[in-house]
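Worksheet: one structure, shown below.
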Amino acid sequence: MKKVIKVNTEPCIGCSLCSLTCSVTWNHAYGLNDSHITVNRNDLAGLFVVEIFDTCKRCFKCVEICPSSCLEVVEIQENLDKGGHNG
Amino acid sequence: MDKYFVRFIDVDLSNQKINILTIEESTLKDYLGGAGISARIIYDEVSLGADPLGEENVLCFSAGIFTGTGLATACRVEASAKSPLTGLIGTSNSGNYWGAELVYAGYHGVIIRGKSKEPCYLSIFNDDIRIISAEALWGLDSWDTMTFIRKELCDSDVQIASIGQAGENLVKYASIQNGPYDAWGRTGLGAVMGSKNLKAIAVRGTGSIHPKNEKAFLKEVELSFKAIKSSPFYDAFKEYGTMLATIPYYNFGALPGRNFQIGKPEGWMENRSRKVVKQYSRRGVACISCPIACAHWVEVKEGKYKGLSLKDMEVTPVIGFGAGCDIDNIPAISKITEICQRYGLDMVSAASSIAFAMELYQRGLLKVEFIGFSLEWGDDDAVIKLLIQIATRKGIGDILAEGVREASKKIPESEYYAMHVKGLEIPMIDPRGRWSTWSFGNLTNIRGGDHLRNRNPVENLRFNENRKPYETEAFEFDQGMYDSFDMPEDIKESIFDKDRKQVDIPRMSKWSEDLISVYNSVGLCIRPPVLQAIGPSAIARLYSSFTGIDMTAESIMKAGERIWNLQKLFNLREGEKPEDSMYPDRFFDEAQADDLEYQRKLDIVKVKEILRLYLKARGWHEDSGIPSIDKLNELGLSK
């Protein structure tokens, strides 16, 4: 079993704190283009979709920081492991 | 360690030249970033008597020093110029994602000079900065402008600051829209942008920013996040956003009902207060790096405005149009908000201008023959029609587009009903209903009648008792809150009367104005959960670790004071007089029509006395309002 991040995008408020925290954790700098998680924002429609990339390091800092409880650490069987999944 | 600096893009639209300006560490130490840097630039670059809508005015966007980081709520950008509405410093602060993208592109600011011969927009993609024709965009609203530019640049993530038709038509309170729903709203900066034939500034950055002392900065970011989440206002603000204030304002009788005629509009609690938030919204929408998400995503599912969805239910339009014009339902207020967002109008000034016209209609000073249609209180169709007339300067809209001060000069016998201070329309708080540091701030605010430059960090809307009317307001927090409040002990003792649980309003005003100046310079949001949790000591630690520039709580607050004084010097240079800092006569001459029990009016002698005490607290001359030489020397502003 491995721990991965389950995403529930519905409560997402579009703050990108997940992405910024990932960026500074792994790149030592804040940005939106080089993190392992991103929030795809359609600002005009108010729609936000969280996407976790295969490169995710599973440090789970994004789960800790998310103020809307969109992210959850779950255990899955190893052969299903894709870094994270949009549940 | 290398000295810290930030870069600004300096664009002269007259000759289409683009330069890069470096803001050195010594300037940052004195002015921090954001509002501080823009104040310095406007003071230095806009000469006395400059036409606000002429080539000589300068428009400056300046991101807070922390904007783009993961520090909670650090996303703000100050925009400044000489205001076409007041003739004084025009300045406004906004969040969303625009500032962060600018910082990721490698810049902390954009300076716009001159005037383009043809409509244009500025595109910033990292170091690729271009002036592009906006011929095809001129005449579009801000939403369509945003969609057009994103398509043209083939990038749906590009952030757009734009003007709608109001800015193009030089409406004196035109906003600069920040994305579809946010804005640099106050003081008419959209008209300045329109006067330069600049339709939009599109920004996209793929870079990143790193703290000088990463470990120390991240520790402070974590502590700040915890402090904000521990604020007694956090959960409530997360649930209701600024709509939280709609009930206490009603209870105080401090709403600007029907252009400040009534403090408690009928049906308010049932159809416009925070009680109805859940009927129209199930989720919040945040700016970048903000855990609070004070704005609501509104969806109207039935009735006349069925199908309308937008980011809204912010206290400004709800009180401005809901109370000011007595529009008695959220769907209609949301539709009106949409019109303001699309056409690019400051919602405070627009609501106030229409409330002014509605009262003139009520009193027979404006006739249906002149307007072209009736203007009854609560008529949403009339409000929408009038907003579009204002934005396009058609009919009576052309007069109201000048703001209430100028409009009242053109409409006989209307001056008494023009509710402004120094030409800026007063927003939501009626000082007769609640006299506090916050309402007093409308008088001393550097940009005129406005409530957002002296938010009191311990403001508590549950209490309204003034044991010494005018001089104090109640401080009802517990001892723990008092002890943890981040303020030097000697200043704390001079501001708070612990035994009587009172706050000294003039002294708290000075402290709050300096602190808000700091907030607007570092890029933090002034919402109560943040303002209460993050004080100058924390900001100094954050600033030092992020930039490597050694700052203390004292030097941070001194910078805030320097910024406020510099903005004041701009206004004094333009001819501001102490007597300009006064409420409209209505607040002194009459009580609200529904205040039958107390018949509250302001006492002009007492108001003048509090102003005198404020000037004294500021170290400004009590008769002229001019900063003393000692004060200017202390702040390094004597040259």
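Bear in mind that the values in this text are calculations on the coordinates, not laboratory data. Computed from a prediction, not measured in an experiment: that's the story for all the values here. Here the Cβ positions follow ideal geometry from the backbone for every residue, glycine too, while neighbour counts run over all protein chains shown.
Table for the structure above
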{"item": "Three-way shape label, region B:280-327, alpha-carbon gyration tensor, a/c 1.5", "result": "oblate"}
{"item": "Cβ-derived FRET efficiency at R0 41 Å, A:Asn27 paired with B:Asp381, nearest 0.05", "result": "0.15"}
{"item": "Antiparallel DSSP beta bridges within chain A, as percent of all bridges there, nearest 5", "result": "85 percent"}
{"item": "Computed lengthening from B:Asp497 to B:Arg7, 0.36 nm per intervening residue step minus Cα-Cα distance", "result": "171.9 nm"}
{"item": "Set of aspartates and glutamates with alpha-carbon distance to B:Lys117 below 20 Å, sequence-local pairs under 8 removed", "result": "B:Asp10, B:Asp12, B:Asp51, B:Glu55, B:Glu56, B:Glu135, B:Glu168"}
{"item": "Lysine pairs within region B:317-457, Cα separation less than 25 Å, 8 or more sequence positions apart or different chains", "result": "13"}
{"item": "Label point distance in nm, A:Val74-B:Lys409, each placed 7 Å from Cα along Cα→Cβ", "result": "6.6 nm"}
{"item": "For region B:369-397 and region A:3-81, distance of Cα centres in Å", "result": "47 Å"}
{"item": "FRET efficiency, 1/(1 + (r/R0)^6) with R0 45 Å, evaluated for B:Asp128 and B:Asp51 via beta carbons", "result": "0.85"}
{"item": "Cross-link pairs beyond the 25 Å C-alpha cut-off, checked among A:Lys2/A:Lys61; B:Lys558/B:Lys606; B:Lys82/B:Lys577; A:Lys61/B:Lys212", "result": "B:Lys558/B:Lys606"}
{"item": "Calculated SAXS-style log₁₀ I(q)/I(0) at q = 0.18, 0.29 Å⁻¹ - region B:1-48, Debye, Cα scatterers", "result": "-0.64, -1.13"}
{"item": "Cα-based equivalent ellipsoid of chain B: semi-axis lengths in Å, sorted from largest, via gyration tensor", "result": "33, 31, 24"}
{"item": "Gyration tensor verdict on chain A (Cα atoms; rounded if a/c is under 1.5, prolate if a/b is larger than b/c, oblate otherwise)", "result": "oblate"}
{"item": "Positive-end extreme of charge dipole, the protein assembly as shown - chosen from A:Ser16, B:Ser94, B:Ile319 (charges on Cβ)", "result": "A:Ser16"}
{"item": "All lysines inside 19 Å of B:Lys275 as judged from Cα atoms, apart from same-chain residues fewer than 8 positions distant", "result": "B:Lys238, B:Lys264, B:Lys301, B:Lys311"}
{"item": "Highest average packing first - B:186-199, B:441-454, B:548-561, Cβ atoms within 10 Å", "result": "B:186-199, B:441-454, B:548-561"}
{"item": "Sparsely packed trypsin sites (Lys or Arg not before Pro) within region B:54-158, loop by DSSP, other Cβ within 10 Å at most 12", "result": "B:Lys117"}
{"item": "Test item: Cα-centred dipole of the protein assembly as shown, Lys/Arg +1 and Asp/Glu -1 on Cβ, debye", "result": "520 debye"}
{"item": "Gyration tensor (alpha-carbon) shape descriptor, region B:8-166, a/c threshold 1.5", "result": "oblate"}
{"item": "Pair B:Ser638, B:Glu135: separation of 7 Å Cα→Cβ label points (nm)", "result": "5.7 nm"}
{"item": "Principal axes of the protein assembly as shown: Cα extent on each, largest first, Å", "result": "78, 57, 55"}
